[in-house]
1. Applying the selection to the stretch 161-202, what residues are in contact with a strand residue (DSSP E or B) (Cβ under 9 Å, 6 or more places away or on another chain) and of a type in the set (K, R)?
2. Is the stretch 48-67 home to any residue that is out of contact with any helix residue (DSSP H, G or I) (no Cβ under 7 Å at 6 or more places or on another chain) and closer than 22 Å to T114 by Cα?
3. When you check D61 against the structure, is it of a type in the set (D, E), surrounded by fewer than 23 Cβ atoms within 10 Å (Cβ to Cβ), closer than 24 Å to F181 by Cα and within 13 Å of ligand 1 (Cβ to nearest atom), yes or no?
4. Testing E178 on (1) buried (at least 20 other Cβ atoms within 10 Å of the Cβ); (2) under 28 Å from V258 (Cα atoms), one condition comes back false. Which one is that?
5. Check D61 against each of (1) under 23 Å from V258 (Cβ atoms); (2) outside any strand (DSSP E or B); (3) within 16 Å of ligand 2 (Cβ to nearest atom) and name the one condition it does not meet.
6. Criterion first (over 23 Å from A244 (Cα atoms), among the hydroxyl-bearing types (S, T, Y) and buried (at least 18 other Cβ atoms within 10 Å of the Cβ)) does S229 satisfy it?
7. Of the residues F158, F140, which is in contact (Cβ under 8 Å) with a residue 60 or more places away in the chain and touching a Ser or Thr at 6+ places or on another chain (Cβ under 9 Å)?
8. Looking at L301, L256, L213, L291, which is the one that is modelled with pLDDT under 95, within 20 Å of L96 (Cβ to Cβ) and away from ligand 2 (no atom under 16 Å from the Cβ)?
Amino acid sequence: YIDNKRYLDYGEVEDYISLLKKNHPNRVRVYDIGQTFEGRTMRVVHLSNCFYCNYSAVFVDAGIHAREWIAPAVALHALSQLAENETANAEMREGLDWFFLPVANPDGYEYTHTTDRLWRKTRSTIQNSRCLGADPNRNFDYYWNSVGASKNPCSETFAGRSAFSEKEASNMRGFLWEHRFRLKLYITYHSYGNYILYPWGYKADDPEDVDTLRSVAMKANQAMVEAGSKPYTIGSSTQTLYAAAGGSDDWVKGFLNVPLSYTIELPGYKYGFQLPTSLIDEVARQSFEGLRAFAREVKSLS
Ligand code: 0X9
Ligand code: ZN
């Protein structure tokens, strides 16, 4: 199991994924979804009780923003619980497939371990600029760069030179597109602030199925609160945080038509992005209870 005692670097995450596959070959498949700008391999872990059954599926990613370290830790804990805690979490895997991309921005993540703890973006180079990287969560092709994003490569919210200019976002596109018909729920873990956000980020109007999006989020929040978590604020990205287009959540719902799509802003308490390692375990466990509630709702809807 992942012990939640510290934050893993990218090499350790890769080693853990290899180990999972080796120890549970009948339940775990690993897909290479492409290389990053700096040549790291991005891997999605697929958990299933029946690979040919084509069950409905949940896709969970984390670490789109490099510095939000609690997000990959939460995703890895969930992956570890689902893959390794066979009996305890059997219900969550029954009739439902899980896809995990625990580190969606490996170059940025590695850079936060070696050089700059508060780096947010990718690490791609841009012609005619000395600044590096684009914001992967402004790089998805749904009303790309229309609001809350920047054309300036030196900005923290640089949208990229074009939609899907970043290999990391484009690798995610390929994989998510391939599995679009079975995906019922998309969760992207970020930090911080205790929010469960649903689309849209590109405009203030609510999606037509806002009632479902809200009621499912409320179930997840309730489960996390019962597990001891500080409550989450539930609302649309634009209405609750700020307008920002090009997010993965908007693209997954708006373009792929995956019904349930959420950005979860995990707690920062008073520490922000630099959550102490002593708090990983409680946040990971509480978040996992949220995921359990999400899974129940997905099954009751389909
Ligand atoms: O700004 C973001 O990308 C997210 N917040 S963060 O502090 N983790 O950077 C919120 C994204 C919400 N979704 C959309 N705006 N589409
Ligand atoms: Zn983020």
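The values are calculated or read from the model by the stated rules, or taken from the named source; none is laboratory data. Just so it is clear, the structure is predicted and the values come from calculations on it, not from any experiment. Here the Cβ positions follow ideal geometry from the backbone for every residue, glycine too, while neighbour counts run over all protein chains shown.
1. Residues of the stretch 161-202 in contact with a strand residue (DSSP E or B) (Cβ under 9 Å, 6 or more places away or on another chain): 167-168, 170-172, 174-176, 179, 182-201.
Result: K167, R182, K184.
2. No.
3. In short, no.
4. The failed condition is (1).
5. Tallying (1) under 23 Å from V258 (Cβ atoms); (2) outside any strand (DSSP E or B); (3) within 16 Å of ligand 2 (Cβ to nearest atom), D61 fails exactly one: (2).
6. Details: over 23 Å from A244 (Cα atoms): yes; among the hydroxyl-bearing types (S, T, Y): yes; buried (at least 18 other Cβ atoms within 10 Å of the Cβ): yes.
Yes, satisfied.
7. Values: F158 fails: in contact (Cβ under 8 Å) with a residue 60 or more places away in the chain.
Matching residue, one of F158, F140: F140.
8. Working: L256 fails: modelled with pLDDT under 95; L213 fails: modelled with pLDDT under 95; L291 fails: modelled with pLDDT under 95.
Among L301, L256, L213, L291, only L301 is modelled with pLDDT under 95, within 20 Å of L96 (Cβ to Cβ) and away from ligand 2 (no atom under 16 Å from the Cβ).
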